[in-house]
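Worksheet: one structure, shown below.
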Amino acid sequence: MRTAWTLFATAALLLSQSPSARGRQRVEREVRKEILRLPFYGVYDWITFSVDGYKVTLSGAVSRPTLKTDAERVVKKIEGVESVTNNIEVLPLSPNDDRIRNEVAAAIFRHSSMTRYAIQGPNAPIHILVKNGSVELAGVVASESDKTIAGLQANGVSGVFGVKNNLVVEKKGK
């Protein structure tokens with residue numbers, strides 16, 4: 001009897017410590033929704049996250065310091081989230097980086113084959129991060145050629161020291 005009780009207690013403890021797959025998916029959906037609803041989240045920001053049990057880790061980079069704290073605040077309010085680790089980097093405030101952001105966006109989105117990506121806001125397929133003249137591209141594009149064009153266009157902007165092209169090519173059949 002004691003063994004059965006120990007097994008029951010252990011199973012109850014394990015169930016209480018890890019969410020079900022459905023519970024984790026709900027938390028992931030809610031985190032994604034809350035991040036995309038942040039009022040100043042846009043093409044010059046990139047926030048990613050991971051969910052481990054009831055813990056959420058935020059990563060990425062933002063161009064406004066308040067966006068980092070806003071993201072943590074809204075995620076902490078989600079039902080089922082016990083803790084939030086905020087590893088979001090705040091990019092330096094720099095008039096030169098602001099100029100580069102705008103010029104890289106214009107160079108990419110005005111290219112004849114890239115205009116379909118010129119969506120502004122949190123759902124932008126291409127996000128442009130600039131730190132001290134270095135550019136990082138993040139997001140999803142339809143083809144390798146689009147990824148290459150985006151990188152070349154960004155690299156052609158005056159004052160850009162280098163481009164890290166982290167764009168992901170969308171898988172066919174999705």
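Could you tell me whether any residue of the range 44-55 is in a loop (DSSP other than H, G, I, E, B) and of a type in the set (Lys, Arg)?
no
Residue pairs, Cβ under 7 Å, 6 or more apart or interchain, first in the range 77-90 and within 16 Å of Tyr54 (Cβ to Cβ), second of a type in the set (Ser, Thr, Tyr). List them.
The qualifying pairs are Gly80/Tyr54; Val81/Tyr54; Glu82/Tyr54; Thr85/Thr57.
Give the number of residues within the range 91-125 that are surrounded by 16 or more Cβ atoms within 10 Å (Cβ to Cβ) and under 30 Å from Lys55 (Cβ atoms).
Residues flagged as surrounded by 16 or more Cβ atoms within 10 Å (Cβ to Cβ) and under 30 Å from Lys55 (Cβ atoms) within the range 91-125 amount to 4.
Going through Gly151, Gly156, Gly139, Gly121 one at a time, which residue ends up being within 23 Å of Ile47 (Cβ to Cβ), over 16 Å from the mean Cα position of the chain (by Cα) and not acidic (Asp, Glu)?
That would be Gly151, the only listed residue that is within 23 Å of Ile47 (Cβ to Cβ), over 16 Å from the mean Cα position of the chain (by Cα) and not acidic (Asp, Glu).
Grab the strands (runs of 3 or more DSSP E) fully contained in the range 80-174, keeping just those with 1 or more residues being out of contact with any strand residue (DSSP E or B) (no Cβ under 7 Å at 6 or more places or on another chain) and among the basic types (Lys, Arg).
Hits in the range 80-174: 126-131.
Can you tell me which residue in the range 64-79 is nearest to Pro39 (Cα to Cα), limited to those that are in contact with a strand residue (DSSP E or B) (Cβ under 9 Å, 6 or more places away or on another chain) and in a loop (DSSP other than H, G, I, E, B)?
Among those that are in contact with a strand residue (DSSP E or B) (Cβ under 9 Å, 6 or more places away or on another chain) and in a loop (DSSP other than H, G, I, E, B), it is Arg64.
Let's see how each residue does on (1) assigned by TED's automatic domain parsing to the domain that holds Lys164; (2) within 22 Å of Asn165 (Cα to Cα); (3) in contact with a Pro (Cβ under 9 Å, 6 or more places away or on another chain):
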position: Tyr44; (1), (2), (3): no, yes, no
position: Phe49; (1), (2), (3): no, yes, no
position: Gly53; (1), (2), (3): no, no, yes
position: Thr66; (1), (2), (3): no, no, no
position: Lys77; (1), (2), (3): no, no, no
position: Ala106; (1), (2), (3): yes, yes, no
position: His127; (1), (2), (3): yes, yes, no
position: Ser145; (1), (2), (3): yes, yes, no
position: Thr148; (1), (2), (3): yes, yes, no
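The values are calculated or read from the model by the stated rules, or taken from the named source; none is laboratory data. Computed from a prediction, not measured in an experiment: that's the story for all the values here. Using ideal geometry, Cβ is built from the backbone for each residue, glycine included, and neighbour counts are taken over all protein chains shown.
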